[in-house]
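Have a look at the structure below, then the notes.
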Ligand code: XLS
Ligand code: NI
Ligand code: NI
């Protein structure tokens, strides 16, 4: 077997004192945190597309990266096989328990549906062999319903039912493949399910089509006995001007409207949260409140740039606040932390891919420790419980039970004392978070 990442061995934990760029400083897979190992808490996954399928091209220039299997003169199946060998070598050396893919990341798209399906089946067999050999599992699979020209006007939301039909077939096939690989989830990101202008868009019709599509997806899941979770990945825009799966709250309302709130959960991407004008923690908290928290695409944006930068996460503070909400919600079940993150275009050394993932894993591990320590201390929970204590008393309970009316409250106001405002102490609480981060060991 040809080794692609020559000179890189299995990445080990060396602790915060280590200066070795190819070692973990925080992520220690067997370390127990709040009753679970770090490995089980974080459930890290490497994504195929950014790491193995992207050459470094952008709209201003060609690929910069050393990805020999992307050379156009190679036989597409040979190329796909080399790519998969490099990918599993990477997963194993990194110690990532999971991976994620789009159908056409791992198999070349053919010139007909039948050819594409045959290619995918073949690569699924190869992947099954690697999974067996390495113990790496599939966090989720997804169908690429946004790259081919046929999807330029959307997949499920396309004005042409033939395109809907094609997309449905592609999802059915990709879900079967995901099922075959023992995938823990199946993801749908509505890449072009939205619009560029309302001038040619029948928004109501498109949303109804999307509802029908997702119902068919759920039906298929049950039909084939797939036990994983179906996840929708919200994103407000890019590539379309407006995307229907705008954010978690929008997705929840949509799921309720179509009777899908018990069948579909969300895959929240950190950079998408930022793009929708929310904090990552807000998106997680909303999903937990609605009972639709599923999985995370861990990456980061840039404060000044309004598009999906997919950087590796580096902010322990941002991720601590997110992990806090994840832990409050009970942690992951079928979901995990997928690095939907990519290198910068100038990071072309082979080991840069390791260094990016190691940094992301250490950021998340340290954030997990800080969040677990905040929860264990009760520092925030005590404050919050105290802040809302009035709702457990007679007045609060009567209001919430509905045993008191607006008119009753009007009457009560005649003799009631003026409410006494109390400090919200935000700065103090921010300092509490800072203290827990400082003290993580
Ligand atoms: C794009 C999305 C995409 C999904 C999978 O912004 O993040 O990568 O995660 O289709
Ligand atoms: Ni994503
Ligand atoms: Ni994204």
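The values are calculated or read from the model by the stated rules, or taken from the named source; none is laboratory data. Bear in mind that the values here come from a model prediction, so they are computed numbers and not experimental data. Note: ideal-geometry Cβ built from the backbone for every residue, glycine included; neighbour counts use all protein chains shown.
Overview of values
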quantity	calculated
Lone qualifier among 369, 337 - being touching a strand residue (DSSP E or B) at 6+ places or on another chain (Cβ under 9 Å) and farther than 19 Å from residue 47 by Cβ	369
Search result, residues across the stretch 127-160 that are without any contact (Cβ under 8 Å) to a residue 12 or more places away in the chain and within 18 Å of residue 112 (Cα to Cα)	149
Checking residue 31 against (1) surrounded by 11 or more Cβ atoms within 10 Å (Cβ to Cβ); (2) in contact (Cβ under 8 Å) with a residue 40 or more places away in the chain, the condition it does not meet	(2)
Matching residues, the stretch 29-47, being assigned to a loop (DSSP other than H, G, I, E, B) and out of contact with any helix residue (DSSP H, G or I) (no Cβ under 6 Å at 6 or more places or on another chain)	30, 35, 43
Some residue of the stretch 166-177 being modelled with pLDDT of 95 or more, part of a strand (DSSP E or B) and within 26 Å of residue 263 (Cα to Cα)	no
Helices (runs of 4 or more DSSP H) fully within the stretch 223-316 counting 3 or more residues that are more than 16 Å from ligand 1 (Cβ to nearest atom), out of contact with any strand residue (DSSP E or B) (no Cβ under 8 Å at 6 or more places or on another chain) and farther than 25 Å from residue 173 by Cβ	248-257, 280-290
Single residue of the stretch 181-195 satisfying the filter (within 13 Å of ligand 2 (Cβ to nearest atom) and not in a loop (DSSP other than H, G, I, E, B)) that is farthest from residue 234 (Cα to Cα)	185
Single condition residue 363 does not satisfy, out of (1) within 16 Å of ligand 3 (Cβ to nearest atom); (2) closer than 16 Å to residue 45 by Cβ; (3) not in a strand (DSSP E or B)	(1)
Which numbered condition residue 285 misses (of (1) within 12 Å of the chain's Cα centre (by Cα); (2) more than 11 Å from ligand 3 (Cβ to nearest atom); (3) free of Cβ contacts under 8 Å to residues at least 60 places away in the same chain)	(1)
Members of the stretch 74-103 found to be closer than 15 Å to residue 124 by Cα and under 19 Å from the mean Cα position of the chain (by Cα), listed by number	99, 100, 101, 102, 103
Search result, residues across the stretch 396-441 that are assigned to a loop (DSSP other than H, G, I, E, B) and in contact with a helix residue (DSSP H, G or I) (Cβ under 6 Å, 6 or more places away or on another chain)	404, 440
Evaluation of residue 69 against (1) in contact with a helix residue (DSSP H, G or I) (Cβ under 9 Å, 6 or more places away or on another chain); (2) surrounded by fewer than 17 Cβ atoms within 10 Å (Cβ to Cβ); (3) under 28 Å from residue 115 (Cα atoms) (one fails), failing number	(2)
